[in-house]
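Before any comments, here is the structure.
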Amino acid sequence: MFRSRPGRRGGRTAVLLAATLLLTLSGCGVDPLTPQDARAESGDDGKAGATPRRVDCARAKCIALTFDAGPGEDTPRLLDVLKKEHVPATFFLLGRKHVERYPEVVRRIADEGHEVANHTWSHRILTDLEENEVREELSRTQGAIERITGRKPVLMRPPQGRTDSTVADVSRELGLAQILWSITAKDYSTTDSALIRERVLTQAHRDGVILLHDIYDGTVPAVPGIIDELKERGYTFVTVPELLAPGTARAGEVYRPEKD
């Protein structure tokens, strides 16, 4: 949700996304860029010398699987599933009690070819914070991930999708593009894996970005069924950078797919 900031409130820590999650998918006062926009901006016409990529999402039926707020104790089991199915994903990681608690899992995520991204240090709502606090939330996680993987993330997802011009400015300063989503199972509100699977499959669309959380009990068990069905429907799973390729996510910009 992109909004102006007429006033500041004290920061609050919250992992539950609740009903406000849907607000990110309604009118936000700004026009986010789509994967198609990113691909068009690259100027790649398919000629020799163009940036090589695993899949051309301008032609293939691509979809990106993303996980927020981990890693957690179930993440290794999720990684086993993704490895078996040859599915790349994008992980928006939390710093406090997650990256710092599971460094070996963060390293494995990177080593197995998934995209490692930033979901702030403590899940504070960035639009409630002063500029220096926004910077602290993002930069601490940048540093923690770089120490483990040797690489700073280039993508971030603001908690609850809430962003504004200050968040955009700090993100630009830190080299982070903002990635929202178009498909959510609201897996924070249920442990029913069948329901999580159904919600994802009902909303699935080409160039979509799926939002799940690998920290909730019902989510990881739902993933194999989601993968199997979407493959059956002809989808190719990609990371977020692959979805935008040959374009590159520009730091500070907000990216959100449009539903068909």
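Derivation of every value follows stated rules applied to the coordinates shown; laboratory data play no part. What you see is a predicted model; the values in this text were computed from it and never measured. FYI the Cβ positions are ideal-geometry reconstructions off the backbone, even for glycines, and counts take in every protein chain you see.
Miscellaneous remarks
- Cα-projected label distance for residue 201 with residue 151, points at 7 Å along beta-carbon direction, nm: 3.3
- Taking a straight line from the alpha carbon of residue 97, these aspartates and glutamates sit under 15 Å away, with near neighbours fewer than eight places off in the same chain left out: 68, 73, 74, 137, 214.
- For a straight C-alpha distance cut-off of 19 angstrom, the lysines reachable from residue 186 (same-chain residues fewer than eight places away being disregarded) are 259.
- Kirkwood Rh, Cα atoms: Rg over Rh of region 83-209: 0.98
- Spin-label pair residue 59-residue 165: with each label point 7 Å from Cα along the Cα-Cβ axis, the two points sit 4.3 nm from one another.
- Cα-projected label distance for residue 131 with residue 191, points at 7 Å along beta-carbon direction, nm: 4.6
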